[in-house]
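The values are calculated or read from the model by the stated rules, or taken from the named source; none is laboratory data. Please read all numbers here as calculations on a predicted model, not as lab measurements. Here the Cβ positions follow ideal geometry from the backbone for every residue, glycine too, while neighbour counts run over all protein chains shown.
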Amino acid sequence: MLNLTIIIVAVCICIALILNLWRLLQGPSISDRILALDTMYINAIALILLYGIYIKSALYFEAAVLIAMLGFVSTAALCKYLLRGDIIE
């Protein structure tokens, strides 16, 4: 029962990733595109965690934490560049 639930949730997250990709490519403004990229990071983390639960491996949880840290830093850097035009002051 858990395996079926994981597969259904993974399909839903894949649909969300496709919709985020559409927003990333067709976004009317740069802030919409940055938000879509940040949401894609979150969805990718969710997929990695679901796969780790599915195969019962703890290694994928560490990869998800690493992607979460990189996603946060890159979103913060993109927002700072968008607001000030320079990342390092």
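Of 41, 81, which residue is at pLDDT 90 or above and among the hydroxyl-bearing types (Ser, Thr, Tyr)?
41
When you check residue 77 against the structure, is it part of a helix (DSSP H, G or I), surrounded by 15 or more Cβ atoms within 10 Å (Cβ to Cβ) and either under 15 Å from the mean Cα position of the chain (by Cα) or not aromatic (Phe, Trp, Tyr) (or both), yes or no?
So residue 77 fails the test.
Restrict the check to segment 59-70 and report whether at least one residue is loosely packed, with under 11 Cβ neighbours inside 10 Å, among the small types (Gly, Ala, Ser) and under 30 Å from residue 85 (Cα atoms).
no
Any residue at all in segment 43-51 that is among the aliphatic types (A, V, I, L, M), in a helix (DSSP H, G or I) and over 18 Å from the mean Cα position of the chain (by Cα)?
no
Restricting to segment 1-36, give me the number of residues that are buried (at least 17 other Cβ atoms within 10 Å of the Cβ) and out of contact with any helix residue (DSSP H, G or I) (no Cβ under 6 Å at 6 or more places or on another chain).
So the answer is 1.
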